[in-house]
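Working notes, structure below.
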Amino acid sequence: AVILGRGGNFALKDTNALRVRIVAPEEMRRKEVQKAKGLNAEDAQKLMVSIDANRRAFVRRYFNADTQDPANYDLVINTGNMSVEKAVSIIKAALA
């Protein structure tokens with residue numbers, strides 16, 4: 001099963017799960033938010049900052065953990081440096 005959600009890796013920390021964090025450069029993320037939400041660059045940046053802060057606060061509140069600490073993940077992938085297909089193949093290899 002794939003569990004996608006804020007804090008899933010913390011909720012499942014005592015299970016046999018592969019905990020993956022997907023990251024990308026801020027500029028790349030902003031452009032994706034602009035495209036998906038139909039926003040200008042400034043509004044997309046504000047939305048992105050707000051969402052990131054809310055997600056960090058949620059994990060801090062309910063799991064007393066830091067989402068940005070790479071030690072909380074088995075694998076961190078930067079999609080700014082590779083295609084989605086390559087990222088998927090890396091995750092599949094890590095599961096094997």
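Things worth noting here:
- The HN-Hα couplings worked out from phi for segment 30-41 by the Karplus form 6.51 cos²θ - 1.76 cosθ + 1.60 (θ = phi - 60°) are 4, 4, 5, 5, 4, 5, 5, 9, x, 10, 7, 4 Hz, whole numbers, x standing for Gly and Pro.
- The residues of the chain present an accessible area of 73 Å² per residue when probed at 1.4 Å with all protein chains retained.
- For segment 1-70, with all protein chains in place and a probe radius of 1.4 Å, 50% of the accessible heavy-atom surface sits on carbon or sulfur.
- Whole-Hz couplings from phi, Karplus 6.51/-1.76/1.60, listed for segment 56-68; x for Gly and Pro: 4, 5, 4, 5, 4, 5, 8, 10, 6, 9, 10, 5, 8
- Extension gain for K37-I91 works out to 16.6 nm (0.36 nm per residue, less the C-alpha to C-alpha distance).
- Size of electric dipole in the chain: Cβ of Lys, Arg +1 and of Asp, Glu -1, about Cα centre, debye, nearest 20: 200 debye
- Estimated from helical segments only, the mean residue ellipticity of the chain at 222 nm is -17000 deg cm²/dmol, where each DSSP H run of four or more residues counts as -39500 (n - 2.57).
- Distant-in-sequence amide contacts of N78, defined by a placed amide H-H separation under 5 Å and a gap of 5 or more residues or a different chain, comprise V23.
The values are calculated or read from the model by the stated rules, or taken from the named source; none is laboratory data. As the structure is a computational prediction, the values presented were derived from the model and not from experiment. Neighbour counts are summed over all protein chains in view; Cβ atoms, including those assigned to glycine, are modelled from backbone coordinates with ideal geometry. Remember, those area values only see protein heavy atoms, side chains included, never the ligands or the DNA or RNA. Shrake-Rupley method; radii C 1.70, N 1.55, O 1.52, S 1.80 Å.
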